[in-house]
Structures are given as C-alpha cells and as structure tokens.
Amino acid sequence: RSTSVSDSRKLECPVCGTKGRHVGVVTLRALLVPGAQTRVDQERDYLFCGAADCGITYFHSVTGTTFHTSELVVPVFQKEDLPTRVICYCFGYTVADIEKERADDASQAVENAIAQACREGKHRCESTNPQGSCCLGNIAQVAGRVAPEEADVADRLPAARIDNGRKGAIAAVCAFLA
C-alpha cells in the first residue's frame, strides 16, 4: 500500500518533524507522571519522538495531544547526552557501562546478558523504556556497530509493526538482535 504525503505527515512530530515510532498506551501509562496520565486516550496508540533536540516525547497525530519530556518519570535516553544516562531500562545499564566494555575488551557481555534475559522473558521494555521497545538497537549504536538510522531495528521487523512494540514484538526484536 502506498502512503500519501498527508499520511506520512501524520507520523511526524508536530514540533520537530521527526518521524515517530508507535508506542502502546501501556508505555505512556507506566512512564508519565500522574497528572499527564489523565490526558491519555486508552483507545489510541501514540508515537514516540526520539529527536534529541525536541521537548516532545509522545504525540498523537490525529488528536494533537503531546507529552513533554518533563512529564515522564524517567529521563529519555535519546534526549540526554550524559554517559550516566540509562540505556537499558529493564536492567539498569548505562551508556558508561557500554562504553567501558567497548574500551576494555569489546566482548559484548552486556548485550549478551540483555539478549539472554529477553529470551528468558525477564524484560519489561514496553513498560520501562520510553521508546516502548527493546534497547539493544540503541546499545549497538552506542557501541559503534550500527549507524543511528540502523539502531531502530524494531521498525524493520514485521511483528513489531503489527504489534506496535507489544510483548511479542519486543521478544522478536530481542531474538533478532541476539
């Protein structure tokens, strides 16, 4: 199916124009401060804006609803630049952990540990990660193995597009990256 120009604009952040990634309501419910949760429409999925220089984290293209980064209970990896920022919200790994491992031995032990935990069903990506999906693409980017535009593996997997990042798609991403 071809996408019209107006359809593709519906996927763009209303502030910065970055193409958004689908996230389920469960992500917003888990990560928005209580006052912002009252604006979440339970019947709709939202889009995640990962642009570092944009203050919007979630938006809905039809209703025009937006949620500012300050309305989340956790910092957003893509919108921070400190080495101490969390990259794996399920298991608490930071960018500094990845960079240290890369400098020490490039063993990918952190990635392997996360992938193993995902295979065992121990991940909570949808409810802990603001992007609503697995962090392994971001980790590969930080480790220098993929370019930023390739880090979003979830959008290249059919299951992730169908499930909008829900549990089955998250497991598919983890399995794909493992």
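Identify, from the list V26, V110, the residue that is hydrophobic (A, V, I, L, M, F, W, C), surrounded by 14 or more Cβ atoms within 10 Å (Cβ to Cβ), at pLDDT below 90 and part of a helix (DSSP H, G or I). Walk me through it before giving the result.
Values: V26 fails: at pLDDT below 90.
None of the others qualify; the one that does is V110.
Look at segment 118-133 and say how many of its residues are free of Cβ contacts under 8 Å to residues at least 60 places away in the same chain, open to solvent by 10 Å² or more (accessible area, probe 1.4 Å) and at negative phi. Talk me through it step by step, then tell me what you get.
Quick first cut of segment 118-133, residues free of Cβ contacts under 8 Å to residues at least 60 places away in the same chain only: 119-125.
Going one step further and asking which of them are open to solvent by 10 Å² or more (accessible area, probe 1.4 Å), we end up with 119-124.
With at negative phi added as a condition, the list becomes 119-120, 122-124.
Qualifying residue count, segment 118-133: 5.
Take P75 and decide whether it is in a loop (DSSP other than H, G, I, E, B) and more than 24 Å from Q42 (Cα to Cα).
Values: in a loop (DSSP other than H, G, I, E, B): yes; more than 24 Å from Q42 (Cα to Cα): no.
For P75, the condition - in a loop (DSSP other than H, G, I, E, B) and more than 24 Å from Q42 (Cα to Cα) - is not met.
For residues in segment 51-90 being among the β-branched types (V, I, T) and free of Cβ contacts under 8 Å to residues at least 40 places away in the same chain, which is nearest to I114 (Cα to Cα)? Break it down stepwise before answering.
Narrowing segment 51-90 to residues among the β-branched types (V, I, T): 56-57, 62-63, 65-66, 69, 73-74, 76, 84, 86-87.
Imposing the further condition that a residue be free of Cβ contacts under 8 Å to residues at least 40 places away in the same chain reduces the set to 63, 65, 69, 84, 86.
Details: T63: 36, T65: 33, T69: 26, T84: 18, V86: 14 Å.
Going through the qualifying residues, I end up with V86.
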| message | Yes or no: segment 38-53 includes at least one residue that is touching an Asp or Glu at 6+ places or on another chain (Cβ under 9 Å), assigned to a helix (DSSP H, G or I) and either open to solvent by 50 Å² or more (accessible area, probe 1.4 Å) or under 23 Å from G17 (Cβ atoms) (or both). | response | no
| Of all the residues that make up segment 55-64, how many are modelled with pLDDT of 95 or more and either in contact with a Gly (Cβ under 7 Å, 6 or more places away or on another chain) or farther than 15 Å from K19 by Cβ (or both)? | 2
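With the condition kept exactly as written, say whether any residue in segment 88-96 is part of a loop (DSSP other than H, G, I, E, B) and open to solvent by 60 Å² or more (accessible area, probe 1.4 Å).
The answer is yes; a qualifying residue exists.
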| query | Out of all the residues in segment 113-154, which are assigned to a helix (DSSP H, G or I) and at pLDDT below 80? | reply | P148, E149, E150, V153, A154
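The values are calculated or read from the model by the stated rules, or taken from the named source; none is laboratory data. Please read these numbers as outputs of a predicted model, since none were measured by experiment. A quick note on method: Cβ atoms are made from the backbone with ideal geometry, for glycine too, and the neighbour counts reach across all protein chains shown. Just so you know, the surface numbers come from the protein's heavy atoms only, side chains and all, with ligands and any DNA or RNA stripped out. Shrake-Rupley method; radii C 1.70, N 1.55, O 1.52, S 1.80 Å.
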